[in-house]
Amino acid sequence: MPFRLSPTFRDRLSAASRPLAGGWVCSGSPLVAEIMAGSGLDWVLIDMEHGPNTLDTVVSQLQAVAGTAATPVVRLPIGDIVTIKQVLDLGAQNILVPMVGSAAEARAVVEAVRYPPRGRRGVGSALARSARWNRVDDYLQNADAYVSVFVQVETIEAVDAAAEIAAVDGIDGVFVGPSDLAASLGLLGQQTHPQVTDAVARAFSAVIAAGKPVGVNAFDPAVAQSYLDAGAAFVLVGADVALLARGSEALAARWIPTADDTLRAGY
């Protein structure tokens, strides 16, 4: 029976009349991924770089998210050709590769995604979820249309090269990472420092001028809005683990008495 794949994140961005808001899924839990994706958010980022994810947990999360309207993007731990091949064969249609610092590195990512003669992706779709075990008609011939490729700019050197990175054929968008960018500037943990936000703005301008969508993560609503005002086409506005941490802390603060509370009560 023929199977029809979902639109890519590239397609969703192209068709959108507003920026797309997403949620980070770092827990490695298919259940949590399904909850996040079913919330009404436009997209979710399944994180293999900093989350406790393996190939098994990624495919489980892709399956969990498939029943929702949210578009899943998988962030790889590294942009090597083997990892990219494996994640694509799991059925990921949208990938984000971290720590891309030059146009040459961006071209290598594109080559890893594309089949020969345009690239170097290994051919195994008949055995894989990517083509739904040959239930997607002409998957090999149309694979480029079924996959979107985003790269992450997160060092000051990458910001300087952002225009060239964005201009690489096959790169569908650029995601700016303020946390690592701050670290590269010697401002570890200071994502909202003026030097960091200025560098983010410079990357935005370069990517937008190249005609590609640019995204960023910003969990502070005011900072997120400032990036949207600066032209971000997609933004991560929260993470599953952070929501759980802050929500549970709020419960504890509401219901667990502090030492001062105990003294005032005379216990």
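Worth a mention:
- When the P(r) of segment 92-141 is calculated, the portion above 14 Å amounts to 58% of the C-alpha pairs.
- Rg/Rh (Cα only; Kirkwood hydrodynamic radius) as it applies to segment 70-165: 1.00
- About the centre of its Cα atoms, the chain shows a dipole size close to 680 debye [charges on the beta carbon of Lys, Arg (+1) and Asp, Glu (-1) only; nearest 20 debye].
- The structure shown yields percent of Cα pairs over 35 Å apart, and of the options [x] 21; [y] 18; [z] 39 that calculated value carries the label [y].
- Top positive-direction residue, dipole computed over segment 115-265 with Cβ charges, set Leu243, Tyr146, Gln191: Tyr146
- Estimated distance in nm for a label pair at Leu188 and Asp220, the labels positioned 7 Å out from Cα along Cα-to-Cβ: 2.0
- The chain: relative contact order in percent, alpha carbon pairs under 8 Å with at least 6 residues between: 18
- For segment 1-67, the equivalent ellipsoid derived from the alpha-carbon gyration tensor has semi-axes of 21, 16, 11 Å in decreasing order.
- Euclidean distance between Cα centres, segment 156-192 to segment 26-54, Å: 23
- For the peptides 217-229, 146-158, the ranking by mean Cβ contacts within 10 Å, running from highest to lowest, is 146-158, 217-229.
- Inter-label distance, nm, simple model (7 Å from Cα along the C-beta direction), Asp138/Ala104: 3.7
- At R0 = 22 Å, FRET efficiency that the Cβ-Cβ distance of Ala230 and Ser179 yields, to 0.05: 0.80
- Helix 55-65 and the longest principal axis of the C-alpha atoms of the chain enclose an angle of approximately 80°.
- Segment 11-121 has equivalent-ellipsoid semi-axes of 24, 17, 13 Å, by the square roots of 5 times the alpha carbon gyration tensor eigenvalues, sorted largest first.
- The stretch between Glu164 and Ala66, if pulled fully straight at 0.36 nm per residue, gains 31.9 nm over its current Cα-Cα span.
- Each stretch of four or more DSSP H residues adds -39500 (n - 2.57); spread over every residue of the chain, this sum gives -13000 deg cm²/dmol at 222 nm.
- Kirkwood Rh, angstrom, segment 164-206 [1 / mean 1/r, Cα pairs]: 11.0
- Counted over segment 112-265 with a bin width of 5 Å, the fraction of Cα pairs per bin, in whole percents, is 2, 8, 14, 14, 12, 11, 11, 10, 8, 4, 3, 2, 1, 1, 0, 0.
- Ranked by how many other beta carbons lie within 10 Å on average, peptides 177-186, 193-202 from highest: 177-186, 193-202
- Taking Cα atoms only, the orientation of helix 103-113 departs from the longest principal axis of the chain by about 70 degrees.
Just so you know, all these numbers are worked out from the coordinates, no wet-lab data involved. Given the structure is predicted, the values throughout are model-derived calculations rather than measurements. Please note: Cβ atoms are built from the backbone with ideal geometry, for glycine as well, and neighbour counts cover all protein chains shown.
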